[in-house]
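Trainee: Questions regarding the structure given below will be posed in turn.
Each value in this text was obtained by applying a stated rule to the coordinates, not by laboratory testing. Please read all numbers here as calculations on a predicted model, not as lab measurements. Positions of Cβ are backbone-derived with ideal geometry, glycine not excepted, and every protein chain shown enters the neighbour counts.
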Amino acid sequence: MSISAPVVLVTLPILALDDEGTSEMTDHRSPRPAAAGLSRRGVLTATAIGFAGLAVGTRATPAAAGPDRAVIDAELTRLFGDYGDTAGRWTGADSAYSVPLPDGRIAWLYSDTFLGTVNADHSRPTDSPFIHNSIIIDDHGELTTYTGGTPDAPRSLVAPEGSGDETGSWYWFGDGTVEGDQLRVLVLEFEKTGDGVFDFAFVATAVASFRLPDLAVTVRSLPDSPISWASAVLECGRYSYVYGVEDLQSTKYAHLARVPRGRLTESPWQYYDGAGWSADPTASARILTGVSNEFSVQRLGGVDGGGFGLVTGDARESLSPDILLYRSSTPTGPFTDPVRLYSTPETSGNIFTYNAKSHPELAGDGELLVTYNVNSFDTADVYAEVDNYRPRYLRVLR
């Protein structure tokens, strides 16, 4: 099916606060090289995908235990921790996809994002600005946060047309890639369906194109599909492979599409039907059960036996702390023989972890760089301690 939807120009200005907060673009820079209030239930909506069916979860077949060689990445933990604590800008977010840019910088893509300051006791002010998506550009250790709106009233970087204050609909960011001078980010539109924390529904997938280096943005809709096509992007050979999720709440299934490389918004997509490729999005087949809404697929080096690795939180079991690595000889799968890379120590009580993924551009030979998100079912926790709503960074030696 052709991607024929019209381009919608996003009118929100891109803001990049300078250190004095006076720039026309919102430029939240780190202090060194190397904002409307939020209801106390609001942050949970960003991470409630799939949690509405928690009671239905079943016990998964245990994954094989991998080598106990996962360590906290001290450099990234310190870089983002210091920036979040002292810059007076970004104080935490979820998603945390990363995309290497042609000039050597890295774009970190975030969904629900807290801005503002951090209190001396490491708590977050309850009137901290809260938006649904943002980008941090890491320029060799100097961080800059990009949002929409103004310094005094930040907004999401991208919002659905006509969404107003985004109380009724919004975009969450998925994975991205670079095509020429465009950073392409897959975005998921959701809409509120009621007053409860879990009262929202997936609407559609779109591609937000940010022109480099100024990040001027346009948005193009993708064909209607019940699959959220934003979980992972793999550039391989002549194609960009886009992985999506069929989210049935208690169970999630990975799906796969592809498009000629460099033509994410221009060429008709093809969908893997289990045996070959179809132009019909309804023919898309399930290729793996029990993935999280966000995951990653990457090439593996020779030390890992080659092929491709899929890193995901173990969604075969409700609230599992385990991060798994599946392997396949091809991008289409089958992805088999899960190995447990790590069990998140934060998972306890109301605190949960989710959406683990790898970042191959940040990993050395024979290792994986993995992030995961932390949150709480009690929103008061994310205000009481900022680390309860910040990504974690791991290096897993293989």
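Trainee: Suppose each label sits 7 Å from its Cα in the direction of the beta carbon; what would the Cys236-Arg261 distance come out to in nanometres?
Mentor: 1.3 nm
Trainee: Each label point is 7 Å from the Cα along the Cα-to-Cβ direction; what then is the distance between the points at Ala74 and Asp181, in nm?
Mentor: Taking the simple label geometry, Ala74 and Asp181 are separated by 4.2 nm.
Trainee: Also, I was wondering about something else. Using a Förster radius of 41 Å, what is the FRET efficiency between Asp224 and Asp387 based on their Cβ-Cβ separation? Nearest 0.05, please.
Mentor: 0.55
Trainee: While we're looking at this one, here's another question. Assuming 0.36 nm per residue, please report the length gained on full extension of the stretch Glu346 to Ala275 beyond their Cα-Cα distance.
Mentor: Stretched out fully, the Glu346 to Ala275 stretch lengthens by 21.5 nm.
Trainee: Any chance you could run the full-extension gain for Ala120 through Leu397? It's 0.36 nm times the residue separation minus the Cα-Cα distance, nm to one decimal.
Mentor: Here the segment from Ala120 to Leu397 would lengthen by 96.2 nm.
Trainee: Looking at the square roots a ≥ b ≥ c of the eigenvalues of the Cα gyration tensor of region 121-266, which shape do they give, rounded for a/c under 1.5, prolate if a/b is larger than b/c, or oblate?
Mentor: Verdict is oblate for region 121-266.
Trainee: Something else now. How do the peptides 341-351, 182-192 rank, highest first, by the average count of neighbouring beta carbon atoms within 10 Å per residue?
Mentor: Top to bottom by mean Cβ count within 10 Å: 182-192, 341-351.
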